[in-house]
1. Between LEU79, LEU55, which is at pLDDT 95 or above and farther than 15 Å from VAL121 by Cα?
2. Identify the residue in region 13-39 that is in a loop (DSSP other than H, G, I, E, B) and surrounded by fewer than 19 Cβ atoms within 10 Å (Cβ to Cβ) and, among all such residues, is nearest to the chain's Cα centre (by Cα).
3. Going through ASP101, ASP139, ASP92 one at a time, which residue ends up being surrounded by fewer than 16 Cβ atoms within 10 Å (Cβ to Cβ) and under 23 Å from GLY40 (Cβ atoms)?
4. Kindly list the number of the only condition in (1) farther than 18 Å from ARG156 by Cα; (2) open to solvent by less than 40 Å² (accessible area, probe 1.4 Å); (3) modelled with pLDDT of 95 or more; (4) not β-branched (Val, Ile, Thr) that fails for GLY106.
5. Inside region 158-265, counting only strands (runs of 3 or more DSSP E) that do not spill past its ends, which hold 3 or more residues that are at pLDDT 95 or above and buried (at least 19 other Cβ atoms within 10 Å of the Cβ)?
6. Consider region 56-69. How many of its residues are of a type outside the set (Val, Ile, Thr) and buried (at least 21 other Cβ atoms within 10 Å of the Cβ)?
7. Among the listed residues GLY69, GLY74, GLY40, which satisfies the condition of being of a type in the set (Gly, Ala, Ser), at pLDDT below 95 and closer than 30 Å to LEU102 by Cβ?
Amino acid sequence: MPFDEYEWMERQEVLTFEEIERLASIFVGAGVAKIRLTGGEPLVRRNLHRLVERLSVLKELDLSMTTNGALLAGQAQDLWAAGLRRVNVSIDTLNANRFKDLTKRGDLTRVLEGLFAAKQVGMSPIKINAVVIRGLNDDEILDLVGFARDNGFEMRFIEYMDVGNANAWTLEKTVTKREIHDTIHSRFPLREVGRANGSAPAVDYEFIDGAGQIGIIGSVTEPFCSSCTRVRLTADGKLVTCLFAESGFDLKGPLRSGASDQELTDTILKIWAGRTDRYSDIRWQQVQSGGYEPAQHKKIEMITLGG
């Protein structure tokens, strides 16, 4: 989270675990196969393992979580006992001083403790997410790959993109998917596997020597709007159909005013059927033509929307 301009939310505006469970069940009934708990930072939500308990019993659901890892060491065992089996941990650098600079306040030691605590309790696969920014951490791509290979983790590299409005994004700071691939391939030869289920954001690659695999998300230079199947539910009950959306659709209102499961299902399906999101496609077209200005596109901040 940024230091300034917090948008504080009243506690009653946040969905309860019971409300999240009900909506999750409705989404699963409508065809959703995967749910990822994300943020902001999900582990700051008190007793998050209680929510995991509620969600992990939903039939045929792939449940996972993305976290910054700072609180993971103390919660890994409870999360595992509650049914969480997969986790992604965001680590953009293995240099402690650089980590503090990038995160403004983060302690790399605590994050690594959380990462290995998740491994110790049995979570698998454990993926490390790294956003690569030119001039900041692009010199660590091979270090991160080596760390993941040595410890049985799976790297996920992500092109730097203009999420929200606060990160001062420019294309010059983006290390492309092709550059990331070629850097890794030069040291650790790769073979392309493809996108999981044909729609996952990451293109997966396996190491030819058999030492696992990595994924690279070309969020800027290889947009995947046409195959995107992801929808987001914010902490205050907004349904958001795109990572780069300006606003969401209120589900909390009808949920709390007595709408039936069928009515909520109909609302969700109508919203999904009517979506026209093509932000990444349009952005790349405008970037290539020289006509893209990030400041002209107001979006929900990532700390509210989640990854």
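1. Every option except LEU55 fails the conditions.
2. Ranking the candidates gives THR38 first.
3. Result: ASP101 is the single residue among ASP101, ASP139, ASP92 that is surrounded by fewer than 16 Cβ atoms within 10 Å (Cβ to Cβ) and under 23 Å from GLY40 (Cβ atoms).
4. Condition not satisfied by GLY106: (3).
5. 213-217
6. Residues flagged as of a type outside the set (Val, Ile, Thr) and buried (at least 21 other Cβ atoms within 10 Å of the Cβ) within region 56-69 amount to 3.
7. GLY40
The values are calculated or read from the model by the stated rules, or taken from the named source; none is laboratory data. Predicted model only: the values in this text are computed from it and were never measured. Note that we place each Cβ from the backbone using ideal geometry, even for glycine, and neighbour counts take in every protein chain shown. These area figures cover heavy atoms from the full protein model, side chains too; ligands, DNA and RNA do not enter into them. Shrake-Rupley method; radii C 1.70, N 1.55, O 1.52, S 1.80 Å.
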